[in-house]
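Trainee: One structure is given below, represented as structure tokens, and several questions about it will come after.
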Amino acid sequence: MISVVIPTYKSPEYLDWCLHSCIEGQVYDTNEIIVIVDGHYEMSESVLKKYEGKIKVVDLGNNKGMCYALNTGMWYVTNEWFLVVNDDNVFPLEWDKRLVDDVEYSKNFEFGDKFIITPRQIEPTGPSIFDFDIKDFGTDAKSFDYDSFCEYEMSIKEDSYNRFKNSGEIFPFMMKKKYYMAVGGFDLIYPSPFICDWDFFLKLELISCIFKMTFSTHFYHFGSKATKNRDDDKEKQEFTESEVVASQIFYNKWGFQPLRHENNSHSPGDTINGITFPKK
């Protein structure tokens, strides 16, 4: 049905919630859950063994970065549709059924199968530039109130004609594997996990993919715990510097700064540095 790809890096307490909610919340037994351990396997070993038999585990050995982890994960995806989720996300109840329903419902809008779905997220603090819902069910794994989150999420889900909103070029996202492969996946040149996704989504735009955020399904997000998981000041400084380098790489490649939210650097139909973005 759906292949779930979860890259993880030194976040066992968040990964535990992610896997628990993914497994407990699914309706279909034909999903597959693929965890890509991007270094420090020993930190997540007890959590992974807890779900043994219900997940596939790919150990990269050393930390190779999110781009490499996701591209590797695609080798293990056997379903037509896959869902990429960070390890600091929590799944709602019936998440798989609702996303499959979204795919079926999208046929009313002639999106075709070049359709990338982003579940809306709930975060504990705001404001959010991505139109997330702000509701505090815990700012860390220890304080998280799973039952209250599930109850609230079911009360706000949107099943009507207005379930789809524009934009949605963020994580988590669900799409067909063939289009991931068509654009070559994530570019390994990027040292930062923040800039590489903008690059990836732009490549999908060039083959006329349609991005929509669905209000039928809300994932809880603790707030970039996974990507900002750095132990000491040196690691934090290196991470900050990698963002600067990645931004420069992006600019050299695309010809504009990586702004992908309210003030987009391009519009459909624009031609920038010889690149024409298809009209929706």
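Trainee: Under the classification rounded if a/c is under 1.5, otherwise prolate if a/b is larger than b/c and oblate if not, where does the range 56-136 fall, given a ≥ b ≥ c as square roots of the Cα gyration tensor eigenvalues? Mind dumping the intermediate values first?
Mentor: Values: a/c = 2.02, a/b = 1.14, b/c = 1.77.
The shape class here is oblate.
Trainee: Let me ask something additional. Using packing as a proxy for protection, rank 15-21, 79-85 so that the peptide with the highest average count of other Cβ atoms within 10 Å comes first.
Mentor: Numbers: 15-21: 22.7, 79-85: 20.1.
Answer by packing, highest mean first, reads 15-21, 79-85.
Trainee: Along the positive direction of the dipole of the range 2-237 (beta-carbon charges: Lys, Arg +1; Asp, Glu -1; about the Cα centre), which of 214, 3, 185 reaches farthest?
Mentor: So the residue we want is 185.
Trainee: Give the calculated FRET efficiency between residue 113 and residue 139 to the nearest 0.05, with a Förster radius of 30 Å applied to their Cβ-Cβ distance. Don't skip to the answer; put the middle values down first.
Mentor: Working: r = 38 Å, r/R0 = 1.27.
Once rounded, the FRET efficiency stands at 0.20.
Trainee: Arrange 101, 233, 96 by Cβ neighbour counts within 10 Å, fewest through most, would you?
Mentor: Values: 101 16, 233 8, 96 23.
The most exposed by this proxy come first: 233, 101, 96.
Trainee: Additional query: For the residue pair residue 54 and residue 28, what label-to-label distance in nm results when each label sits 7 Å from Cα along the Cα-to-beta-carbon direction?
Mentor: 1.9 nm
Trainee: Taking 7 Å along the Cα-to-C-beta vector as the label spot, tell me the residue 235-residue 46 distance in nanometres, rounded to one decimal.
Mentor: The two pseudo-label positions are separated by 1.8 nm.
Trainee: Moving on to the next point. Over the chain, what is the relative contact order in whole percent, taking alpha-carbon pairs under 8 Å and six or more residues apart? Write down the numbers at each step before the final one.
Mentor: Details: 500 pairs, mean separation 61.4, N = 280.
RCO, the chain: 22 percent.
Trainee: Let me ask another. Would you calculate, for the chain, the mean residue ellipticity at 222 nm contributed by helices, counting each DSSP H stretch of 4 or more residues as -39,500 (n - 2.57) and dividing by all residues, to the nearest 500? Mind dumping the intermediate values first?
Mentor: Working: 8 runs with 94 residues, N = 280.
Using -39500 (n - 2.57) per qualifying helix, the result is -10500 deg cm²/dmol.
Trainee: Would you kindly calculate the translational diffusion coefficient of the range 134-251, applying Stokes-Einstein with the Kirkwood radius from alpha carbon pairs, for 4 °C and a viscosity of 1.567 mPa s, and quote it in µm² s⁻¹ without decimals?
Mentor: Values: Rh = 16.9 Å.
Answer, rounded: 76 µm²/s.
Trainee: Let me check I've understood the local charge: for residue 163, count other residues with C-beta under 15 angstrom from its C-beta, Lys and Arg +1, Asp and Glu -1. What total comes out?
Mentor: On the way: positive: 97, 98, 107, 120, 157, 165, 212; negative: 94, 101, 102, 104, 131, 133, 153, 158, 159.
Around residue 163, the surrounding residues sum to -2.
Trainee: Return an integer: the convex hull volume of the alpha-carbon atoms of the range 2-237, in Å³ per residue.
Mentor: 125 Å³
Trainee: Under a point-charge model restricted to the Cβ atoms of Lys and Arg (+1) and Asp and Glu (-1), what is the dipole moment magnitude of the chain relative to its Cα centre, in debye to the nearest 20? Write down the numbers at each step before the final one.
Mentor: Numbers: 30 positive and 45 negative charges, 190 e Å.
Value, rounded to 20: 920 debye.
Trainee: Identify all lysines with a Cα-Cα distance to residue 157 below 23 Å; exclude those on the same chain that are fewer than 8 residues away in sequence.
Mentor: 97, 107, 135, 165, 212
Trainee: Here's another thing I want to ask about it. Give the lysines whose C-alpha is closer than 18 Å to that of residue 49, dropping any in the same chain fewer than 8 places away, or say none.
Mentor: Correct list for residue 49: 10.
Trainee: Between beta-carbons, use under 13 Å as the cut-off and find the net charge around residue 133, counting Lys and Arg +1, Asp and Glu -1. Don't jump to the answer; show the numbers that get you there.
Mentor: Working: positive: 120, 135, 157, 165; negative: 123, 131, 136, 153, 158.
With Lys, Arg at +1 and Asp, Glu at -1, the neighbours total -1.
Trainee: Could you give the size of the charge dipole of the range 24-155 about its Cα centre, using +1 on the Cβ of each K and R and -1 on the Cβ of each D and E, expressed in debye and rounded to the nearest 20?
Mentor: Numbers: 12 positive and 27 negative charges, 75 e Å.
With only Lys, Arg, Asp and Glu charged at Cβ, the dipole is about 360 debye.
Here, each number is a calculation from the coordinates, and none is a lab measurement. Source: prediction; values computed, not measured. In this analysis, Cβ positions are derived from the backbone assuming ideal geometry, glycine residues included, and neighbour counts consider all displayed protein chains.
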